[in-house]
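Quick notes on the structure that follows.
The values are calculated or read from the model by the stated rules, or taken from the named source; none is laboratory data. Source: prediction; values computed, not measured. Every residue, glycine among them, receives a Cβ derived from its backbone with ideal geometry; neighbour counts consider all protein chains shown.
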Amino acid sequence: MGARDGLTRRFARRAGLLAAVLLVTACADGAGDSAHSEAEVISPSTSSFSEHCNPLTASDLAPPDRPLPIPAQAPRPAHRDLAYARISAAQKLDLYLPAHADPGGAPLIVLIHGGGFIQGDKSHPVNLHVVSSQLARGYAVASLNYRLSCEAPFPAGAQDVKAAVRWLRVHAPEYGIDPGRFIAWGPSSGAYMATLLAVTGDQRTQFDDDSLGNPGVSSAVQGAVAWYGPYDFGKMGAQFEADTPKACKGKVLKHDVANSPESIWFRGPLQSTLEKSFEANPATYLPTASKLPPINFAAGDSDCVVPHEQTQDMYRAVKAAGGRTTLAVVPHAGHDLRVAVAQLEPALAFADSITKS
């Protein structure tokens with residue numbers, strides 16, 4: 001192996017670990033530690049949230065079997081830090097535009113980063129290959145930031161994502177984007193956001209906040225790609241207890257503790273905030289959705305962070321509601337880039353089937 005190949009592989013391994021730290025998030029002080037007792041599952045005070053806002057280390061997670069290639073030259077946004085709302089400094093997006101303009105306006109991928117609702121950023125380097133591949137297919141890409149849970153509780157981040165879609169639809173003509181061809185795309189908590197956009201786009205819910213701008217403009221997307229997301233938050237602990245993947249023995253992320261990522265977002269332990277879990281679950285809004293855009297789901301069967309059953313259950317719920325949907329469960333993949341390695345091309349083909357047919 002040449003020096004350049006060795007450097008590429010080392011960088012790819014580092015990218016895999018960075019991805020795990022970005023996408024596999026929790027709270028500090030052992031959120032994934034089995035030492036938590038029932039007595040520790042208490043609601044943290046508001047003043048204690050900041051001390052929990054640190055990522056869980058991901059040294060126990062293996063890098064992808066086939067590292068995701070890192071582009072030799074990282075794509076640069078055509079427009080950086082566009083403010084889609086004015087309440088928070090987090091309400092910004094980077095807009096990437098394809099080299100060749102579509103006469104009718106380019107289809108847009110709304111890329112929503114993961115991070116357990118508690119961290120993550122629109123410009124993280126592990127997004128670069130995904131963005132490069134999307135641009136090469138002729139898509140514009142809007143990579144979003146949104147208010148994280150340590151700044152604002154549920155449902156603020158989800159309200160931001162919908163506000164960003166409204167802003168993008170209003171401003172689409174000036175950036176050469178087709179406002180009728182939007183695909184939401186995200187991993188982990190970004191998958192949750194993408195699915196929520198798909199399910200609630202044609203109905204008004206608590207996720208619509210007129211104070212964020214452009215009231216009355218549609219937040220609908222025409223499709224969604226969702227990789228290993230959480231959906232029914234209150235069931236994750238029980239799902240891991242009932243079926244722990246072999247690769248995850250002794251190291252699954254505990255979600256029902258007070259300092260789990262979801263508990264921080266809800267400002268209370270999941271089992272004490274089941275009403276919020278119900279309100280947050282995209283499946284809650286399926287019966288009132290008059291139109292469901294297609295959704296492409298994927299997860300790894302060795303996910304130690306979010307049970308892959310979460311993705312399977314959401315897929316079944318969308319299918320039962322009459323939505324067009326697909327599901328891929330990637331063997332031996334965890335909450336990491338192995339899903340992206342396996343599913344990037346199928347996901348792009350899925351998006352093409354919606355936007356280019």
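Some notes on this structure:
- Test result for GLY176, on the phi > 0 side of the Ramachandran plot, of a type outside the set (Phe, Trp, Tyr) and at pLDDT 95 or above: yes
- Count - residues of segment 76-100 that are at negative phi and either exposed (fewer than 13 other Cβ atoms within 10 Å of the Cβ) or not in a loop (DSSP other than H, G, I, E, B) (or both): 14
- Selection within segment 201-260 - aliphatic (A, V, I, L, M) and more than 22 Å from ALA172 (Cα to Cα): ALA226, MET236, ALA238, ALA242, ALA247, VAL252, LEU253, VAL257, ALA258
- Residue match in segment 332-343 (condition: of a type in the set (Lys, Arg), part of a loop (DSSP other than H, G, I, E, B), touching a Pro at 6+ places or on another chain (Cβ under 8 Å) and more than 23 Å from PRO155 (Cα to Cα)): no
- Selection count where residues are out of contact with any Pro (no Cβ under 7 Å at 6 or more places or on another chain) and either modelled with pLDDT under 90 or farther than 18 Å from ALA349 by Cα (or both), scope segment 113-136: 10
- With respect to the stated conditions, LYS356 fails to be basic (Lys, Arg) and under 20 Å from SER189 (Cβ atoms).
To keep it simple, each residue is scored yes or no on (1) free of Cβ contacts under 8 Å to residues at least 60 places away in the same chain; (2) more than 19 Å from ALA163 (Cα to Cα); (3) of a type outside the set (Gly, Ala, Ser).
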site	(1), (2), (3)
ALA106	no, yes, no
GLY115	no, yes, no
GLN119	no, yes, yes
VAL130	no, yes, yes
ALA136	yes, yes, no
TYR139	no, yes, yes
ALA142	yes, no, no
TYR146	yes, no, yes
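- Entry remark, segment 165-192: residues being among the aliphatic types (A, V, I, L, M) and under 25 Å from VAL305 (Cβ atoms) number 3 in total.
- All of (1) crowded, with 17+ Cβ neighbours inside 10 Å; (2) in contact with a helix residue (DSSP H, G or I) (Cβ under 9 Å, 6 or more places away or on another chain) hold for PHE278 with one exception: (1).
- Test: residue in segment 288-299 that is on the phi > 0 side of the Ramachandran plot and not in a strand (DSSP E or B): no
- Restricting the first member to segment 271-291 and to residues that are without any contact (Cβ under 8 Å) to a residue 60 or more places away in the chain and over 18 Å from ALA194 (Cα atoms), and the second to residues that are buried (at least 19 other Cβ atoms within 10 Å of the Cβ) and among the charged types (D, E, K, R), the beta-carbon pairs closer than 9 Å and six or more apart or on different chains are THR273/GLU262.
- Residue satisfying all of: in segment 298-352; within 19 Å of VAL221 (Cβ to Cβ) and without any contact (Cβ under 8 Å) to a residue 24 or more places away in the chain; surrounded by the most Cβ atoms within 10 Å (Cβ to Cβ) among these: TYR315
- Listed by first and then second residue, the pairs with beta-carbon distance under 8 Å, at least 6 apart or on different chains, first residue in segment 240-255 and over 15 Å from GLU309 (Cβ atoms), second surrounded by fewer than 17 Cβ atoms within 10 Å (Cβ to Cβ) and not β-branched (Val, Ile, Thr), are ALA247/HIS332; GLY250/SER34; LYS251/ASP60; LYS254/ASP33; LYS254/SER34.
- Look at (1) closer than 19 Å to ASN214 by Cα; (2) crowded, with 24+ Cβ neighbours inside 10 Å; (3) over 16 Å from the mean Cα position of the chain (by Cα) and you find that GLN134 fails only one, number (1).
- Test: residue in segment 205-213 that is polar (S, T, N, Q), crowded, with 22+ Cβ neighbours inside 10 Å and either closer than 20 Å to LEU82 by Cα or touching a helix residue (DSSP H, G or I) at 6+ places or on another chain (Cβ under 6 Å) (or both): no
- Test: residue in segment 180-191 that is surrounded by fewer than 16 Cβ atoms within 10 Å (Cβ to Cβ) and not in a helix (DSSP H, G or I): yes
- Qualifying residue in segment 238-253 (condition: in contact with a His (Cβ under 7 Å, 6 or more places away or on another chain), surrounded by 16 or more Cβ atoms within 10 Å (Cβ to Cβ) and at pLDDT 95 or above): no
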